[in-house]
1. Does Ser117 satisfy the criteria of being modelled with pLDDT of 95 or more and within 30 Å of Ile31 (Cα to Cα)?
2. Have a look at Ser117, Ser112 and point out the one that is under 27 Å from His56 (Cβ atoms) and touching a helix residue (DSSP H, G or I) at 6+ places or on another chain (Cβ under 8 Å).
3. Is it the case that some residue within the stretch 18-35 is in a loop (DSSP other than H, G, I, E, B), under 20 Å from Arg237 (Cα atoms) and within 17 Å of the chain's Cα centre (by Cα)?
4. Identify all residues within the stretch 185-218 that are more than 15 Å from the ligand (Cβ to nearest atom) and among the aliphatic types (A, V, I, L, M); write none if there are none.
5. State yes or no: is Ser70 over 19 Å from Leu6 (Cβ atoms), crowded, with 18+ Cβ neighbours inside 10 Å and of a type in the set (Ser, Thr, Tyr)?
6. For the stretch 149-158, state whether one or more residues are crowded, with 22+ Cβ neighbours inside 10 Å and either within 14 Å of the chain's Cα centre (by Cα) or at pLDDT 95 or above (or both).
7. For a quick check of your reading of the model, give me the residue pairs whose first member lies in the stretch 168-182 and is at pLDDT below 90 and part of a loop (DSSP other than H, G, I, E, B), whose second is near the ligand (Cβ under 8 Å from one of its atoms) and of a type in the set (D, E, K, R), with beta-carbon atoms closer than 8 Å and at least 6 apart or on different chains.
8. Scanning for something closer than 14 Å to Val40 by Cβ, buried (at least 21 other Cβ atoms within 10 Å of the Cβ) and either of a type in the set (A, V, I, L, M, F, W, C) or in contact (Cβ under 8 Å) with a residue 12 or more places away in the chain (or both), does the stretch 73-88 turn up at least one residue?
Amino acid sequence: MKRNVLVVANWKNNTTLSDAHVLAMGVRNEIEHLDGVKVVLCPPAVWVTEVRNIVHDQIHHMGVGLQDISAEQPGPTTGEIAADLVESLIDYAIIGHSETLKLHNYDVETISEKIHSALASKITPIICVGEKSQSSSSRHSLARKLDSYLKGVSAEKRSKCIIAYEPIWAISGGSKKSRRAASAEYVNDVAVQLKKVVPANTRVLYGGSVSAENILQFIAQPEIDGVLVGGASLHLREFTTLVKNAARGS
Ligand code: PGA
């Protein structure tokens, strides 16, 4: 049976309005008729409306997400975007990405509140966890960390979340030279650990230097349900090849 592989594109702090338009149109036109894959585009927040207009509701195997969401309710919090404000525009929100955490120093409670906020607005949280270095034993504590992020979230709601395993040492930083993805077997082992604190049907993605060439290795693993793609999602040809490979391997 075909699996529905989830491919999340994290454009990070890239793309002008016209870049975002061209990229979203290109992706939509290229993948419109594919089976076995769902693609979520996460542009910079300012282009979410533009991308939403391109990825409209009739295209069921595409979605739109933000790269972060506020833990705050609407109100006097300058610069924040509350889940309530965007619930009709987005389907997903990345929460706890290591680059966001580095800039904002969010603590566990804040991440937990962001998750609660997203779920209350029917936005699917894509919750990132990942260890700093490959040699560190900290990957063994990732399930505990995830469980603390999910404090107070029922099993039913946990199964609606998406977990993204993003080892910090494997994230490309945008430069092709420094790419070194984790091995697929290593990621599968971590996914098994993470799935101990969420219901078995919860989806776990891998993120870190995913490319059109290596995507098939990841989705061939039983516990990896998709990928979160940074650098490669900014290049139309590479990204659509990656998505087509994912559909082929699903
Ligand atoms: P990368 O980024 O694909 O460029 O390594 C992944 C991520 O940070 O989500």
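The values are calculated or read from the model by the stated rules, or taken from the named source; none is laboratory data. All values derive from a computational prediction rather than experimental measurement. Cβ atoms come from the backbone with ideal geometry, glycine included; neighbour counts cover every protein chain shown.
1. no
2. Ser117
3. No - not one qualifying residue is present in the stretch 18-35.
4. Val190, Ala191, Val192, Leu194, Val197, Val198, Ala200, Leu216, listed by residue number.
5. yes
6. Yes, the conditions are met somewhere in the stretch 149-158.
7. Ser172/Arg179; Gly174/Lys12
8. There is no residue in the stretch 73-88 that is closer than 14 Å to Val40 by Cβ, buried (at least 21 other Cβ atoms within 10 Å of the Cβ) and either of a type in the set (A, V, I, L, M, F, W, C) or in contact (Cβ under 8 Å) with a residue 12 or more places away in the chain (or both).
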